[in-house]
Amino acid sequence: MFFTYLRRELRRRRKAALVVASGLALGIALVIVVNSVSAGMTQAQDKVLESLYGLGTDMTVTKAAEPAGEDEGQRGPRFEFDAQDSDSDDEQSSDRVMVQGFQTLAASIVTRIGEQDGVADAVGGLNLQVLKVSGRFQRGEFKQDESAGTGGQGGPGGGQGGPGTPQGEVQGGGAEFDVNNYTVFGTDVSNLELGPLTTMKITKGRTFKSSETNAKVAVLDSSYAKEKELSVGKTLTVSGTKFEIIGIATPDSGDSSANAYIPLKRAQTLADSKNKVTTVYVKAADSQRIDSVKSAIQKNVSGTTVTTSADLADTVSGSLSTASDLATNVGKWLSIAVLVAAFLVAGLLTMSAVGRRVREFGTLKALGWKSGRVTSQVVGEALVNGLIGGALGIAVGLAGAYTVTAISPTLKAEIASSGGGMGGGPGGGMGGPGGQAREAATNALDIALTAPVSVTTILLAVGLAVAGGLIAGGFGGWRASRLRPADALRRVE
């Protein structure tokens, strides 16, 4: 009886049912689109952050570099060259390998951090900057001034310069040197699951083997390899040590964190920093406990700076950040406002419909229907309207999300930090090739926006549809429960 009556009433009042369902559908569709776009923003930001500090990394631990002393800051790096035979055309070069950006930490700290509660894994890395100066000296030629003769001034054998002093000047000669500035990252080859190299795809050659902890091998960034015309099988010389190039890697997005990657032990030897690291990459056991893990590390490993992905996300600006703020703030409140309006309209329309059915419900009560049965009938009709609106809303919302994904608008992400990575990462500061030009390139990324729809979003839409139907039914049921059989009898003609 309930379903028969329900089906008949919905057919009789198609227009009213469609209006209620459409209002709910609009609110639900907007919620789906906003949630999907927000999820796309989150994915885009994650992609930006992964390109900086590595896939799977939840936080980094570093120690800020001490400010350079006045004399040290003014002096800068020193390069010394041997005096060679003037007729030699041999090129002279000198390298300076320096720890970049941070103070070094004892490698044992990596183990201490890995033992903290909530830490799934931790791996250390060493950020290095290499300054290479190379070139040739050329001796000048002495040109005699024949017009002055050989006697000088003041008579034969006299005058300035003494007897037999030639008169003239040195012409030509000098030196021409090139300065090459690049970054090297020492990576723990026994654990390649964390760190900047995880965002690189090997396009030529291979990556490191776990047994190559102290091998003279290197993986180069594809852009740097192309710039220096290096390839797999050739060698890269760093401070007199020749490294065989075993692989060329291309970053998944943005620029590489460093120009060259070598085993951590070799990097420590080059920088005279045995058993030292500059950055510890940390993966949390539970993404919901990142803040507590950060607090534990700060408490138990004093003097360090712990930077999480959330901290670094605050430095992301540009159109990606603006769009993310709009989707999170404006979109969220707009969705809530539309939903509240839709629920209110649905409730008021249901109450109005009940008001027009006074004679019907009064007569049913006179025939023996109890108030609870009348109320359940009204709630059932409103619930069906809500489910219809939910189905329409899901369809429209999915279409909207698909449209955003199909268009894939490009957003620009700019990283305010000059470190180039979480907590500074390798490749920051003046470590990138080309100095400031590379820094600017590293800090600006183009990201294609998508709008993925999750199962959670669909379940949320269904829940809103049911809630809308129940709210509308609650309004109408309250009105229907107050009707009396006498109201119906007054309207009988």
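The values are calculated or read from the model by the stated rules, or taken from the named source; none is laboratory data. Everything numeric here is computed off the predicted structure, so don't read it as measured data. When we count neighbours, we look across all protein chains shown, and the Cβ atoms used for this are built from the backbone with ideal geometry, even at glycine. Note: areas computed on protein heavy atoms with side chains; ligands, DNA, RNA excluded. Shrake-Rupley method; radii C 1.70, N 1.55, O 1.52, S 1.80 Å.
Numerical summary
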quantity	calculated
Those residues of region 186-224 which are farther than 26 Å from LEU105 by Cβ and of a type in the set (Val, Ile, Thr), in sequence order	ILE202, THR203
Residue within region 249-257 that is touching a Pro at 6+ places or on another chain (Cβ under 7 Å) and modelled with pLDDT under 90 present	yes
Yes/no for ALA258 being open to solvent by less than 50 Å² (accessible area, probe 1.4 Å) and not in a loop (DSSP other than H, G, I, E, B)	no
Filtered residues of region 265-298 (kept if over 25 Å from the mean Cα position of the chain (by Cα) and open to solvent by 10 Å² or more (accessible area, probe 1.4 Å))	LYS265, ARG266, GLN268, THR269, LEU270, ALA271, ASP272, SER273, LYS274, ASN275, LYS276
Qualifying residues in region 348-393 (those that are among the basic types (Lys, Arg) and in a helix (DSSP H, G or I)) - the one surrounded by the fewest Cβ atoms within 10 Å (Cβ to Cβ)	ARG373
Helices (runs of 4 or more DSSP H) completely within region 288-347 that count 3 or more residues being at pLDDT below 80	309-313, 319-325
Checking VAL61 against (1) at pLDDT 80 or above; (2) farther than 23 Å from ALA346 by Cα; (3) open to solvent by 70 Å² or more (accessible area, probe 1.4 Å), the condition it does not meet	(3)
Residue check for THR237: part of a strand (DSSP E or B) and more than 22 Å from ASP252 (Cβ to Cβ)	yes
Any hit, region 224-245, residues being under 27 Å from the mean Cα position of the chain (by Cα), under 17 Å from ASN127 (Cβ atoms) and not hydroxyl-bearing (Ser, Thr, Tyr)	no
Filter result (more than 22 Å from the chain's Cα centre (by Cα) and surrounded by fewer than 14 Cβ atoms within 10 Å (Cβ to Cβ)) within region 177-208	ASP178, VAL179, ASN180, THR203, ARG206
